[in-house]
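The values are calculated or read from the model by the stated rules, or taken from the named source; none is laboratory data. Predicted model only: the values in this text are computed from it and were never measured. Cβ sites come from the backbone with ideal geometry, for glycine too, and all protein chains shown count toward neighbours.
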């Protein structure tokens, strides 16, 4: 399972309540480009409408070793492959106030490109400060432990 793209900002900006694995519909050149590191999930999100889940604003650069595609849009909307029950469940969760779908990671699994999406609630500025403070405290503790062992 090789990670192709990760949305590092997502866990800082959102409190992830639930995670799901979904397939993603890509063209052949997009698959090659993603496998060579041409994918980015920065600023992307997912939406559920009309019984379909869609990934919006994820960027996949055109594959450099193939012929140029006319009218190719790197940030086009892409379908996410989920079971109907999962889609209905997500649709119900999204109706709650303040919840959104965030793509967390794109990876390969048994030759297929999969994506982990999370149902998250946006963090307030104070929550982000607490996260930073907790992270700094953990670093200081780790440094103290390393010094004591040496």
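Structure values in brief
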read-out: Among the candidates 87, 56, residue that is under 14 Å from the mean Cα position of the chain (by Cα) and either at positive phi or surrounded by 11 or more Cβ atoms within 10 Å (Cβ to Cβ) (or both); value: 56
read-out: The one condition in (1) within 24 Å of residue 17 (Cβ to Cβ); (2) out of contact with any helix residue (DSSP H, G or I) (no Cβ under 8 Å at 6 or more places or on another chain) that residue 104 fails to fulfil; value: (2)
read-out: Residue in segment 23-33 that is modelled with pLDDT of 90 or more, in contact with a strand residue (DSSP E or B) (Cβ under 9 Å, 6 or more places away or on another chain), loosely packed, with under 14 Cβ neighbours inside 10 Å and over 17 Å from residue 55 (Cβ atoms) present; value: no
read-out: Subset tally (residues that are under 12 Å from the mean Cα position of the chain (by Cα) and either more than 11 Å from residue 118 (Cα to Cα) or modelled with pLDDT under 90 (or both)) for segment 8-22; value: 5
read-out: Filter result (surrounded by 16 or more Cβ atoms within 10 Å (Cβ to Cβ) and under 20 Å from residue 8 (Cα atoms)) within segment 59-79; value: 59, 60, 61
